[in-house]
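Visitor: Here it is: the structure, laid out below.
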Amino acid sequence: MKISPKHLRYSWNFARQGMAHMNLQLLYNCNFHCKICDFWHPEWQAKPKLSLAQVDTIMAKLKGRPPLLISIGGGEPLLHPELVPIARSLCKDHFAVMICNGWFMTRQKARELWEAGLYEVSISVDYLSPDRHDTHRDMPGAHARAIEALKMLIQERVHPHQRVHMITVVMDDNLEDIEPLCELAESIGVTYLVTFHSTSRGRKEKRAAPADVGARLVAIKKRHPKSFVALEGYLESYAQAGEDGEIKPCRAGKNLFNIDCTGAVSTCIDRLDEPVGNILEDDVDTLFQKLSEQQKASTCGACWTSCRGPVETMMYGKERWRNFWDMDNMLKDVPLARS
Ligand SMILES: C[S@@+](CC[C@H](N)C(=O)[O-])C[C@H]1O[C@@H](n2cnc3c(N)ncnc32)[C@H](O)[C@@H]1O
Ligand code: SF4
Ligand code: SF4
């Protein structure tokens, strides 16, 4: 990968344990009704979309600050009519990545998103069996479309540094699927990530895997070191959760934060009901100050999702150099399909 001044500024800020990661819900609209998610419920569907003009305003307000890793999510980001110009706007000063369910991916959209400058796209696949995935996501054909999306994305990249991952939410009933899913990702030519299930917002069913799953995942990673690119330290930490199953302290508000489709700013996606203000209206220094205060006062350690886990592992984990080495695997160039 070519190292630019933007990379150097990001790395410097990261090394100083600054604000490095932003999650962005552009919209809550979604065509799926996943069992583990509530964004498809009517109260979320009624919310507005963040427009391109509003994203430009947010970018202008963040101007001059260190670059962020911005994770575009939702809802289903591919449902946003202005997704491509929004990606372009985000990528000017920051590093934007996206997670989506893959349903609306086309070759043209994949190419446009890569040309807009996205660094990484992850497609959610939670079970090896198409039937189980489709039932869990309440959408017949979801598995097949996700696999097609992965293939289009890997083939349409325009820079070797652009990466495509399959991502699985680790739950209580898909542990046996993790290694075969990793092998499926390998067979498509993409890499594999996991995140851990969270119930810390709304009224979700308890679906968390037992803590010893962390060690099992590390063993799978050792068998698939090139394709299973989740950080070893991230997986290990899940196994080290305390007796209450929590991982504390959480650095959401200090090193990562969330902006939703109304511009509301909160420490994380699971604290949407405790916003510190709105980035479209409020002063950014004041918002960051309030986020920091909320983080210091928080005793929450309720999730170990990939929103917080990898950032915290890299910034605070034991044997940080080992994690940096591991991260290199996630960032390595992958030759273009047509080169
Ligand atoms: C909220 S979704 C938005 C993007 C897109 N709609 C999708 O499903 O990929 C972002 C990621 O969170 C995951 N997710 C959904 N509900 C979750 C939960 N309760 N705990 C942890 N991750 C969850 C999804 O599988 C996806 O990988
Ligand atoms: S596809 Fe994503 S946003 Fe939509 S319901 Fe499922 S997890 Fe939620
Ligand atoms: S542990 Fe942190 S990221 Fe997770 S719900 Fe609590 S405050 Fe949010």
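The values are calculated or read from the model by the stated rules, or taken from the named source; none is laboratory data. Everything quoted here is computed from the prediction, not taken from an experiment. Positions of Cβ are generated from backbone atoms using ideal geometry, with glycine treated the same way; all protein chains shown enter the neighbour counts.
Visitor: Every residue in segment 18-53 that is without any contact (Cβ under 8 Å) to a residue 60 or more places away in the chain, more than 16 Å from ligand 3 (Cβ to nearest atom), under 28 Å from residue 174 (Cβ atoms) and hydrophobic (A, V, I, L, M, F, W, C), please.
Guide: 40, 44
Rundown of residues vs (1) crowded, with 20+ Cβ neighbours inside 10 Å; (2) farther than 22 Å from residue 54 by Cα, yes/no style:
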position	(1), (2)
239	no, yes
256	yes, no
267	yes, no
278	no, no
296	no, yes
304	yes, yes
321	no, yes
324	no, yes
330	no, yes
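Visitor: Taking the conditions exactly as written (under 28 Å from residue 271 (Cβ atoms), surrounded by fewer than 17 Cβ atoms within 10 Å (Cβ to Cβ) and charged (D, E, K, R)), does residue 223 satisfy them or not?
Guide: It is false that residue 223 is under 28 Å from residue 271 (Cβ atoms), surrounded by fewer than 17 Cβ atoms within 10 Å (Cβ to Cβ) and charged (D, E, K, R).
Visitor: Restricting the search to segment 252-262, which residues are within 14 Å of ligand 3 (Cβ to nearest atom), of a type outside the set (Lys, Arg) and assigned to a loop (DSSP other than H, G, I, E, B)?
Guide: 253, 255, 260
Visitor: Then there is this: Would you mention how many residues in segment 1-48 are within 30 Å of residue 332 (Cβ to Cβ), in contact with a His (Cβ under 9 Å, 6 or more places away or on another chain) and within 16 Å of ligand 2 (Cβ to nearest atom)?
Guide: Adding up the residues that qualify gives 1.
Visitor: Here's another thing I want to ask about it. Can you pull out the residues in segment 65-114 that are of a type in the set (Ser, Thr, Tyr) and over 13 Å from the mean Cα position of the chain (by Cα)?
Guide: 89, 106
Visitor: Looking at 11, 71, can you tell me which residue is of a type outside the set (Lys, Arg) and without any contact (Cβ under 8 Å) to a residue 24 or more places away in the chain?
Guide: So the residue among 11, 71 that is of a type outside the set (Lys, Arg) and without any contact (Cβ under 8 Å) to a residue 24 or more places away in the chain is 11.
Visitor: Another one. Could you go through segment 100-110 and let me know if any residue there is in a helix (DSSP H, G or I), under 17 Å from residue 37 (Cβ atoms) and at pLDDT 95 or above.
Guide: So far as segment 100-110 goes, no, none of its residues is in a helix (DSSP H, G or I), under 17 Å from residue 37 (Cβ atoms) and at pLDDT 95 or above.
Visitor: Right, residue 229: touching a Pro at 6+ places or on another chain (Cβ under 7 Å) and of a type in the set (A, V, I, L, M) or not?
Guide: Against the criterion (touching a Pro at 6+ places or on another chain (Cβ under 7 Å) and of a type in the set (A, V, I, L, M)), residue 229 does not qualify.
Visitor: Here are 163, 216: which of them is basic (Lys, Arg) and within 18 Å of the chain's Cα centre (by Cα)?
Guide: 163
Visitor: Considering only segment 161-180, state which residues are within 13 Å of ligand 1 (Cβ to nearest atom) and buried (at least 18 other Cβ atoms within 10 Å of the Cβ).
Guide: 165, 166, 167, 168, 169, 170, 171, 174
Visitor: Look at segment 110-139 and say how many of its residues are buried (at least 18 other Cβ atoms within 10 Å of the Cβ) and within 15 Å of ligand 1 (Cβ to nearest atom).
Guide: 15
Visitor: Something else: Can you pull out the helices (runs of 4 or more DSSP H) entirely within segment 134-237 that have at least 3 residues that are closer than 24 Å to residue 311 by Cβ and either of a type in the set (Gly, Ala, Ser) or modelled with pLDDT of 95 or more (or both)?
Guide: Helices (runs of 4 or more DSSP H) meeting the threshold: 178-188, 213-223.
Visitor: Here is a list of conditions, (1) at pLDDT below 95; (2) among the hydrophobic types (A, V, I, L, M, F, W, C); (3) not in a loop (DSSP other than H, G, I, E, B), and residue 265 meets all of them except one; can you say which number that is?
Guide: (1)
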